[in-house]
Every structure is written in structure tokens, then in C-alpha cells.
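Take a look at the structure set out below.
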């Protein structure tokens, strides 16, 4: 706990309120526009999933062919929702933990509008048939330069806040925030420069793209979500981080292993044989930081399960941490030599991406949003029932989409490898799984439309005014303060840091 917090809680509470006030507009913009893009991405996901089992669905519109709507779905999910949710979390976390007000809210907000404009034009370009055809980089080439510039305007101020923070130890959450802020431009700029900026071998362009996709998952979305989880779990439960050693192991193993992952997607391609297997080995070892972080966080929450059940923020966050544990196991399963050929060209790769982006990252992001928004707006959430509906429909939808795609893809991959059977048999195996995934996406669309509506009403500040951020328990106004008890309880303590770790 900081010295200021210990000595004068009233001054500390006023300081936090000033920080939140300075970040209200940019953070709420990122969260709300991200939620809108998530609804768009899910709608596109329904169309693309339906076309897997019903190719004639909406076949009269060239803009909605599978080759266009599937990449539009993934890019809207990654850059429209994922990146903007991450931006909101990262800048709020860094400001709170550095105890510095944001001095450039207008610049960050302007950069957010530029980012959204680039995403909007890029998505329209994909649907119009102007995409590049490079997975996760399908936006027309004109989009990536303004995206990179907008990111620089967003991230640089968080780096400045860290630099001028008061003297003291660095919280675990800040390690991951700094890692995500530094690694994103490295991965993003390198891949786009080498693929779009310089003409070279198309084969090596595919290899760079495989590295980019892995890097974006493990070097940006993963540390951003872990940073939020390390902040929320100790704060809401009121318990210190279970193990400082596990915190160190998780961060440094991720930093060392993750940059080598990705090339396993080109197993069997005419590239040096060691590269795919090096990538597969690195991806398998992603299980180390995933298990270290998830076990550390679950052990931290283990003594406060009643709080986990009752706190909307913690409920989503712990579900996301469980998703991280499952993601680590999936990294191992899908990349062992016996399974790698089955997952390369099947639904399994898509299921893995959805598990990482939705089952892990998005759930932690939802938990962070439910925690942060009342503090920014100084209003209570309006409808506890909508939060519960959002949680349970999201759990059902993402578990169905991810697991169905993972296991259905393995069966599809096995049929593809059976050269004695017609190729059409592979799609026969995948058909029921694709139908189930489409139904699950529909549930996710319903839940996230309610989430976007709820978030929009909060931005309009229509909730009940409160002197301290509270949430609804059991659908009514109660005393569930989501881990805090008035301003004095809402302290950025050493729970996410090192000083009070066991």
C-alpha cells in the first residue's frame, strides 16, 4: 500500500477521483465503441459460421461471401473490440497505479476516433473485396499507417505517466501493462513493414504473418488481460497476491517464450524444417506463463468465493482466468506432433483464436469494464439482471463456439488426412459442429447487444448517483460494493504488486 494511502485515505480518495475524472471521456469512448464493434463482429461471425454449413445463405450479395465476411468478422473482433478494450484498460490501469492524472485526454480521444475511422474504412474495404488476403491483416494497406500513428498517440502518455510516477515499487500489473505497450508496436509495425512495405518472398510473408498472429495474441492481448486480472482479483477480494515467485515466473516466461511462437502454422511448408517445430515448442511452453498466472490468481481468490459469486467484476474476471488456464492446455494439446497436422487447416485454429480472444481476454475485459465504469461515471449500473444475463449467455456461447470448433476441427482434420476418402467427407464431419457454433454466436449477439445498451446508458450517466461506486447484487440496490466499502475502501493497494505478496 502506498504511504499516501496509509496516512490520509481522504486525500487518496480525492486523488483517485481526479484521475478517473481526467480519463472519463477517452476510456468510456474506447469501452463503448469497442462494445459496438463487438456486436458487429458477432453479427459477421453468425453470417460466416452459417456459410460453413449452409453455403447458399445470403449468396445473392457479393459483399457477404465467406471469403469476405470471415476476415471482416475476425478483424472487427480483433481491432474493433479487442484493441479498444485493451487501450481503455491499459491507460486506466497505468494512470491509477502511477497515481497520475491524464494530461492528454483530448489527444487520446482524437487518436481513438482516428483508430475507429481506420477500422471502419478497413472493414468496408474487406467487404468490398479490397482486402489483402493476409490473415488478421486483411485491411487495405492504407489502414495500417493511421492505426500505428493512433496507437502511438494513445500509448505514449501512459509511458510518460509511468516515468513521472511517485517513487516506489512497480506493481505486477504495471509489468504487464508496460510489456503490452512496448510489444504491440514492435509486432504490428514489423509485420506490416515486412509484408506490405517491402516486396519479398510470398512464402516468407506467410511465415511473418503466422508470427504476427501469435505475437498479437501472446504479446498484447495476453499481457493486457493478465494486467487487469492482477489488479482486480486482489483488490476486490482484499487479499494479497498468493505468490510473488509465480508472478515473476509468469511474466518473464511469457516475455522469453512468446516471441518464438507462431511458425507452427506452416508445418510442412517449404521453409527450414526447424522453424515450424521451434514455433510449436514455444507455443507449447506458453502453458508455463498461462498456468503460473492462472494458478496464482485462482489461489488468490480461493479464500473469497462468496465475493467471486456476488461480484460481477470478479465473476467475469475469474471466468477469464479459467479461460487462460484452458488456453495454456490447448497450446500444449494442439501443438504436439500428433495433433499439429490435424489443426492446421481445420476449425481448430479458429476455435483456438476464439478461446484466446473471447474465452480469456474478453471475459477479463468485461470484468474490468464492470469495475471501472461506475468509477468513471460515479453512477451505479442500472440493471443487475442484464449483467447476469450477459455473464451466463457469454459463458454458454463462448464455451460452445470454442470447444465445438476445437474438437470438431480435430475430427475434420483427421478426415482431411485420410487420403483414401473423398475430401467432402471432412466437411461432413464438421457440419454438426458448424451448426452448433452458429447457434452459440446468436446467443452471444443477444448478450452483447444488452451489454452495449447498458454501457451506453451508463455513459449517458443515467444510473443512480452514488458517492462511491457500487454495483447491484441479486438484481436490486444493495450493499454489494464489489470489493470496496466507500471511498476509503477503494485503494490501489499492493494486491496487484509485490510488497504484500505471500
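The values are calculated or read from the model by the stated rules, or taken from the named source; none is laboratory data. These numbers were taken from a predicted model, which means no experiment stands behind them. Ideal geometry is used to build each Cβ from the backbone, glycine not excepted, and the neighbour counts take in all protein chains shown.
The criterion of being closer than 26 Å to residue 207 by Cα, modelled with pLDDT of 95 or more, touching a helix residue (DSSP H, G or I) at 6+ places or on another chain (Cβ under 9 Å) and in a helix (DSSP H, G or I) does not hold for residue 88. Each residue in region 160-181 was checked for being assigned to a helix (DSSP H, G or I) and surrounded by 15 or more Cβ atoms within 10 Å (Cβ to Cβ), and 13 pass.
For region 330-348, filtered to residues that are over 25 Å from the mean Cα position of the chain (by Cα) and not in a helix (DSSP H, G or I), the residue that is surrounded by the fewest Cβ atoms within 10 Å (Cβ to Cβ) is 338. Return only the number of the condition from (1) closer than 30 Å to residue 432 by Cα; (2) in a helix (DSSP H, G or I) that residue 307 does not satisfy. All conditions are met except number (1). I'd like the full set of residues that are assigned to a loop (DSSP other than H, G, I, E, B), under 20 Å from the mean Cα position of the chain (by Cα) and within 16 Å of residue 64 (Cα to Cα), limited to region 116-138. Listed by number, the list holds a single entry, 138.
Please determine whether any residue of region 204-211 is out of contact with any helix residue (DSSP H, G or I) (no Cβ under 7 Å at 6 or more places or on another chain), in a helix (DSSP H, G or I), over 28 Å from residue 311 (Cα atoms) and modelled with pLDDT under 95. Yes, some residue in region 204-211 is out of contact with any helix residue (DSSP H, G or I) (no Cβ under 7 Å at 6 or more places or on another chain), in a helix (DSSP H, G or I), over 28 Å from residue 311 (Cα atoms) and modelled with pLDDT under 95. The residue that is modelled with the lowest pLDDT, counting only those in region 363-403 that are farther than 20 Å from residue 229 by Cβ and either surrounded by 23 or more Cβ atoms within 10 Å (Cβ to Cβ) or within 16 Å of the chain's Cα centre (by Cα) (or both), is 401.
Do we find that residue 44 is assigned to a helix (DSSP H, G or I), under 19 Å from residue 447 (Cα atoms) and over 16 Å from the mean Cα position of the chain (by Cα) in this structure? Judged against the criteria, residue 44 is a match. Within region 251-295, the set of residues being assigned to a helix (DSSP H, G or I), at pLDDT below 95 and surrounded by 22 or more Cβ atoms within 10 Å (Cβ to Cβ) comprises 263, 264, 265, 276, 279, 280, 282, 283.
Restricted to region 454-487, and to residues there that are assigned to a helix (DSSP H, G or I), at pLDDT 55 or above and touching a helix residue (DSSP H, G or I) at 6+ places or on another chain (Cβ under 8 Å), the residue that is surrounded by the fewest Cβ atoms within 10 Å (Cβ to Cβ) is 456. If you go through region 190-212 and pick out every residue that is surrounded by fewer than 22 Cβ atoms within 10 Å (Cβ to Cβ) and closer than 27 Å to residue 174 by Cβ, you end up with 1.
The residues listed here are 58, 64, 43; of these, the one that is surrounded by fewer than 23 Cβ atoms within 10 Å (Cβ to Cβ) and at positive phi is 58.
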